[in-house]
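These notes concern the structure reproduced below.
The values are calculated or read from the model by the stated rules, or taken from the named source; none is laboratory data. This structure is a prediction, so every number in the text was calculated from the model and none was measured. Please note: Cβ atoms are built from the backbone with ideal geometry, for glycine as well, and neighbour counts cover all protein chains shown. Heavy atoms of the whole protein, side chains included, go into the accessibility calculation; ligands, DNA and RNA do not. Shrake-Rupley method; radii C 1.70, N 1.55, O 1.52, S 1.80 Å.
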Amino acid sequence: MSPAEAKTRIESLTSELKQHNYNYYVLAMPTIADYDFDKKLEELNALEKQYPEFADPNSPTQQVGGDITKDFVTVTHRWPMLSLGNTYNEQELLDFDQRIRKAIGDNFEYVCELKFDGLSMSLTYEDGVLVRAVTRGDGIQGDDVTTNVRTINTIPKRLKHGDYPSQFEIRGEVFMHLKAFERLNNERIEAGEVPYANPRNFASGTIKMQDSAEVARRPLDCFLYFLYTERLLFRTHWESLQAVKNWGFHTNEHSKLCSTIDDVFKFISYWDKNRFDLSYDIDGIVIKVNSYAQQQELGFTAKSPRWAIAYKFKAEQVQTELLAVTYQVGRTGAVTPVANLKPVLLAGTTVKRATLHNADEIEKRLKLHEHDWVFVEKGGEIIPKIISVNLEKRSPDAKPVKYLTHCPECGTELIRKEGEAASYCPNDEGCHPQIVGKMQHFISRKAMNIDGLGDETIETLYQNKFIGRISDIYDLQQHSEELKKMGRFGEKSINNMLAGIEKSKEMPFEKVLFGLGIRYVGETVAKKLAAHFKNIDRLASATFDELIAAEEIGERIALSIIEYFSDEKHKQEIEKLQTQGLQFVTIEKEVTLASEKLSGQSFIISGVFEKFSRDELKDIIEQNGGKIVSGISAKLNFLVAGDNMGPAKLEKAQKLNIPIISDAELFEMIA
Ligand code: AMP
Ligand code: ZN
């Protein structure tokens, strides 16, 4: 390579890797496999060594990667949070072992641990109390995410017993279990939201949320694996792991003490095979020299400790042929492309399909051509992903895959909103999967949960022109004779179905609201809206500002609600459902008063509280005669504020001179 070529290559690698760092750390949406990233970083590193004059001083080789965002307070780490050296093969691991032997001789042990695929977190405890949780950030500084981390059940907020020092820092990995990931991602898909690509992105996206109440709804877990104290308390890393476990921390039970590199290889090959049986994702093994004295002797490079290394599993990859790209239309009209592949065995299962996400993935990232050979990879994700195209196998006359311009179901031209990756079919009244999908959603278990009525019955009833919209379901009673004549269903099942439909009229407003299938209004959002606005009329006439003033309602949801209710057809449908007897008003719980101490006073609760959920506080206020109101106005008597309350709310309350009290002060009022 000539110096000029090296210069161009260094520049292009630098800017490409910076972009990948941004995608990974800021967007939490990596578009490259870890392995490919590391290979490119290695190439850049080698070139920079050979041609230091062309190296960018801020080159990705000089950084740990950055994820500091402006939404949180930046904190400088007491001890920098370094990265780990990476290897992908046995030879590199043997080299690591040799380097260590050269430096400290043959008398040492390793601790082998699983390398959890989440985000690293530093926790500080003072006198046994969790006082701070900080993300890795750029290694030097990170984001203070304490309130969000407090919602993680397995992280002790207060240590119970043990001889822990008055001040220490402990580090570990925050992650989400695969089961929880699947469940929550399905909820997102159901609500028309963009699903997360993998549990790690879900976990890191969650930790960076502004609303700690939403964080609390998403089950995260954390394994701790490093203890830092001012004075060394233990002789070895292994001893410290046993100790912190006794103090109440969640450590991983698979860690192993190994006295030879052969044992390390055994550990690696065991977990390479068995990792898919774990309930969480790991992407490798971390090998650490056990003795602290020996760790100190070995020391650090600028980026990572010399006494530890990560052996990364190569994600299993196979090559196969793309047969076709097909498209699915969901109930909200969202169109998802799917790659149909020539069946191939991957990590123990036969793969026939892979996700393609959206038009950009097909046309910009992969630049997919018809009948391309593609590399498919399976991480912890359920559906495999296409990593790249094997260009050598592309035939010269292959045509690029063009994303659809028209709906595959009804032929309507698709629309793509500014700033959104997904395309939609706007023909919600005449597009088969949308019409049927909306009714199927309405009757589903989490919505109206109608007994005696299932997805297939909805399809059949639609095909036979009995139903075309939700309200038609409630007219079926009038057509029972025709239903019987159709001969598709027995009398008993028709009666069961009609009884189930009748019974569903008792379902609470929040279920009806969720069942309507308004884009971005998932189960939880529907609950919040029903609780906040109390009835459909107030919700339908709410302004943008009123909507975003409600708990957990962001701009995107607010706009979607406004758009929904601005449609005359939706209004008519809701009116009809109202006359049919469905619930469009939140039924307030009967409260038995514990006291009248708060009578005549109005309250708003905001933020998160250490000891109570907001619903508990709300009940306590109401049981003592107080009233919970929804918006801050001059008439409001008290704002009960916890941690992390929205800055807009706080500002408004201060402007109006509304007394802001803590939960403790609230209890003084009723004591
Ligand atoms: P890398 O991001 O590839 O440089 O790998 C280093 C990261 O691995 C650390 O910052 C941790 O977040 C993560 N990690 C996962 N499991 C462990 C473990 N058992 N010990 C140390 N680091 C771990
Ligand atoms: Zn359509």
At 0.890 mPa s and 25 °C, Stokes D of the range 602-670 from Kirkwood alpha-carbon radius, µm² per second: 205
Unpaired by the 4.7 Å Cβ criterion, cysteines found in the chain: 112, 222, 258
Leaving out same-chain residues fewer than 8 places away, which lysines sit with a Cα under 17 Å from that of residue 288? 102, 115, 256, 266, 303, 312
Per residue, what accessible area does the chain have, given a 1.4 Å probe and all protein chains present, in Å²? 50
Say each of residue 585 and residue 597 gets a label point 7 Å from the Cα, pointing the same way as Cα to Cβ; how far apart are those two points in nm? 3.3
On average over all directions, what projected area in square nanometres does the range 458-568 have, based on the convex hull of its Cα atoms? 7.8
Given a Förster distance of 45 Å, the FRET efficiency implied by the Cβ-Cβ spacing of residue 19 and residue 263, rounded to the nearest 0.05, works out to 0.65
Quick one: 3J(HN,Hα) in Hz for the range 308-322, Karplus 6.51/-1.76/1.60 with θ = phi - 60°, rounded, Gly and Pro as x. 9, 8, 9, 9, 9, 6, 7, 4, 5, 10, 9, 9, 7, 9, 7
Within the range 504-521, what residues put their amide N at less than 12 Å from the label point 7 Å along the Cα-to-Cβ vector of residue 451? 504
Between helix 3-21 and the chain: long-axis angle, C-alpha atoms, 0 to 90°, nearest 10: 40
Pairwise centroid distance, computed over Cα atoms, of the range 465-498 with the range 337-407, Å: 43
If one puts a single equal scatterer on every Cα of the chain and applies the Debye formula without solvent, what log₁₀ I(q)/I(0) results at q = 0.08, 0.12 Å⁻¹? -0.78, -1.41
Ignoring ligands, DNA and RNA, what percent of the 1.4 Å accessible area of the chain is carbon and sulfur? 50
Sort the following peptides by mean Cβ neighbour count (other Cβ atoms within 10 Å, averaged over residues), highest first: 34-40, 107-113. 107-113, 34-40
So who's got an amide H within less than 5 Å of the one on residue 661, skipping anything under 5 residues away but keeping other chains? H placed 1.01 Å off N, in plane. 639, 640, 641
Under a cut-off of 25 Å between alpha-carbon atoms, report the lysines in cross-link reach of residue 571, not counting same-chain residues fewer than 8 places apart. 417, 438, 446, 465, 503, 505, 511, 527, 528, 534
Expressed in nanometres to one decimal, the distance between label points 7 Å along Cα→Cβ at residue 11 and residue 465 is 6.8
Sorted by chain and number, the residues with a modelled amide H under 5 Å from that of residue 109, at a separation of 5 or more or across chains, are 290, 291
Given an 8 Å cut-off on Cα distances and at least 6 residues of separation, report the relative contact order of the range 107-203 as a percent. 31
Round to a whole angstrom and tell me the spacing of the C-alpha centers of the range 536-560 and the range 221-288. 47
For residue 480 and residue 272, what does the FRET efficiency come to when R0 = 51 Å and r is the distance between their Cβ atoms, rounded to the nearest 0.05? 0.25
Tell me the volume per residue, in Å³, of the convex hull enclosing the alpha carbons of the range 350-509. 194
At 10 °C and 1.306 mPa s, the Stokes-Einstein diffusion coefficient in µm²/s for the range 181-241, with hydrodynamic radius from the Kirkwood sum on alpha carbon pairs, is 111
So between residue 496 and residue 651, what do we pick up on full extension, going 0.36 nm a residue minus the alpha carbon distance? 50.3 nm
Once R0 is set to 60 Å, what does the formula 1/(1 + (r/R0)^6) return for the Cβ-Cβ distance between residue 669 and residue 488, expressed as a FRET efficiency to the nearest 0.05? 0.45
If you consider only alpha-carbon coordinates, what radius of gyration and Dmax does the range 75-312 have, in Å? 18.2, 59
Hey, which lysines would be in cross-link range of residue 399, C-alpha to C-alpha under 25 Å, not counting anything within fewer than 8 residues on its own chain? 342, 352, 364, 367, 385
